[in-house]
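A short reminder: the numbers here are calculations on the coordinates, not readings from a lab. Owing to the predicted nature of the structure, the values given are computational and were not obtained by experimental measurement. Glycine also receives a Cβ, built like all others from the backbone with ideal geometry; neighbour counts cover every protein chain displayed.
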Amino acid sequence: MKETPLSNCERRFLLRAIEEKKRLDGRQTYDYRNIKISFGTDYGCCIVELGKTRVLGQVSCELVSPKLNRATEGILFFNLELSQMAAPAFEPGRQSDLLVKLNRLLERCLRNSKCIDTESLCVVAGEKVWQIRVDLHLLNHDGNIIDAASIAAIVALCHFRRPDVSVQGDEVTLYTLEERDPVPLSIHHMPICVSFAFFQQGTYLLVDPSEREERVMDGLLVIAMNKHREICTIQSSGGIMLLKDQVLRCSKIAGVKVVEITELIQKALENDHKVRKEGGKFGFAESMANQRITAFKMEKAPIDTSDVEEKAEEIISEAEPPSEVVSQPVLWTPGTAQIGEGIENSWGHLEDSEKEDEDEGGSDEAVILDGVKMDPGVEVSNIGSQARRALSVGFPRKGYCSGLPFPLSGNAPIVLSDSEEEEMIILEPDKNPKKIRTQTISATQVKAASKRPVKKRKKKRAAN
């Protein structure tokens, strides 16, 4: 565990406040922080809040074989986990010295004190016993982990119910919660840990130290005691020398605090049992305060819906009738329409810059048509875009187009198309039917025919 050390200013401030018998959270010297206990939906699940320190406790059970030296006793197992969710100083996946010390203290407090009757956990001597496992997870660390963990462990054990079993000969039958009511554990007493922090070599004493107070303390004394004032375990750490009178004084304070905490635990267990028996709502969600935004509730106001139809008819009758104006579609070109007012469609219009480019390009790509004559009344369709550009520049009124199998005439209408997939020439006959010849011209032939004269003209221009 790597903690960020306090600065000298903070350390002096805390020690000065302790000397004046003042604490940062406003408590007195022997005051405990507020304890809140909430239960989950399952038996044996609880959350204990000691101020801002929060610990989640979960108890589970399993039928296993007993130990060889204790064939008629069940097994108790405690496990405390410190994750980085509680404090960034905790290292994940590593058994720190603090974690080992806390686990050992929990085992001495709960298992060695014989607070649970382990012999009642035996099902078949030497063959089957119950193994009770208590998992404790630290959710938030604000000091005094051992006190919150001990309270969470004993509360979870008191709240837990194991399934009922029956033994007939060598057969062991395990019943579900629906078949038989679960059986609570046999608990003799409730040992609870109370921590005392010493400052200035034992001169000053505080109960339930917070996280900042733990950083500047010189030593720690933990006393585990039940409400009968029986000391279950005691541990001192920090290397300070304590007098007998100091230990006795701490034990008397611990006896008073343990009685208060035990009454609080019993009251919380009774309330949960009562709610479950009456069929009310229970669990972590119900334990949240209504003032919080996560569980905010509003009172439902009664609404009279008997005259809804009459009010709706009155509103409709008083409302203004809808307008009868219907927009008429405007047909700009076949296949298009416009509803309402809008800008005129400018699709397909060439800009001035594009027109100038076409004019310049058209003058350079002029084609000289020689050797082809065209009769009047002939229509040419489906010529490629390159041929259209060549033909649109201009032809001599009389002459022939090189590469075309029909004559051209000045009075003949010419129909052009942009399609280059299939180029066909359709010749319409005159009134006097004559022999008509059709031929398919590819786009490459037209392009070749259009490129050859350009070279000749460029040479002529260079000669000029």
ask   = Quick one: Karplus J couplings for region 93-100, per residue in order, coefficients 6.51, -1.76, 1.60, θ = phi - 60°, nearest Hz, x for Gly and Pro?
value = x, 9, 7, 7, 5, 5, 5, 4
Under 5 Å, built H, 5+ apart or other chain: amide partners of Phe78 = Val134
task = Subtract the Cα-Cα distance of Arg215 and Ala125 from 0.36 nm times their separation in residues, and report this length gain in nm to one decimal.
result = 27.5 nm
query = Non-local amide H neighbours of Asp164 (under 5 Å, H modeled in plane, Pro and chain starts lacking H): which ones?
reply = Tyr175, Val183
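Give me the net charge of Cys61's neighbourhood, meaning all other residues with Cβ under 9 Å from the Cβ of Cys61; Lys, Arg count +1, Asp, Glu -1. Numbers along the way, then the final one.
On the way: positive: Arg133, Arg162; negative: Glu62.
In short, +1.
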query = Using θ = phi - 60° and the Karplus curve 6.51 cos²θ - 1.76 cosθ + 1.60, what whole-Hz ³J(HN,Hα) does each residue of region 125-138 get, with Gly and Pro shown as x?
reply = 4, x, 10, 10, 9, 8, 9, 9, 10, 10, 9, 10, 10, 7
Protection proxy ranking of 69-75, 223-229, 114-120 - average other beta-carbon atoms within 10 Å, highest first = 223-229, 114-120, 69-75
ask   = Which value in Å is the Kirkwood Rh of region 26-286 over different Cα pairs?
value = 19.6
